[in-house]
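This report refers to the structure that appears directly beneath it.
The values are calculated or read from the model by the stated rules, or taken from the named source; none is laboratory data. Everything quoted here is computed from the prediction, not taken from an experiment. We place every Cβ from the backbone using ideal geometry, glycine too, and count neighbours over all the protein chains shown.
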Amino acid sequence: MSRAVVVIVEDDPDVASFLETTLNEVCETRVAADGVAARRMLDQLTPDLVVLDIRLPHVSGVELCQMIRSDEHLRRTPILVVTGFPESPDIEIVRDMGVHHILAKPVTARRLMEAIQAILPGASTRLGETDGDHALPSGGS
């Protein structure tokens, strides 16, 4: 069985590295540092999941979520939002667009993997092997 493909859209290099390292245990990952790079990537790829920060340079996470939901090939793609601003009005906007899960930063590897397991059950067969104490850097976006 092939591994799930996850696109991570995160502008903080430390947070992106944490997400990529953690998810590489169970998924194939691609990382985009901003909304423009993510749009280009998603034009060429239909991932199994998008892990999305809301506050991004150039094209916001909200705009990217709108683009995903309006694209014929991407509209059913699950979206996991990881944000440093869980009380932002943008969260309600993306929730109304049907994001599958929202995690507030900082988040542990265990919480991240539990969310992945809920969204992509087949992708997280090694959940129990993930170090639950490994934590996401507390990047602000």
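Suppose we filter Leu136, Leu120, Leu127 for residues that are farther than 25 Å from Gly35 by Cα and modelled with pLDDT under 90; which single one remains?
Numbers: Leu136 fails: farther than 25 Å from Gly35 by Cα; Leu120 fails: farther than 25 Å from Gly35 by Cα.
Within the list Leu136, Leu120, Leu127, the selection yields Leu127.
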Residue match in the range 37-49 (condition: of a type in the set (Asp, Glu), in contact with a Gly (Cβ under 8 Å, 6 or more places away or on another chain) and over 19 Å from Arg3 (Cα atoms)): no
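Any idea which residue in the range 65-104 is nearest to Leu19 (Cα to Cα), counting only those that are of a type in the set (A, V, I, L, M) and under 11 Å from the mean Cα position of the chain (by Cα)?
Of everything passing the filter in the range 65-104, Val82 is nearest to Leu19 (Cα to Cα).
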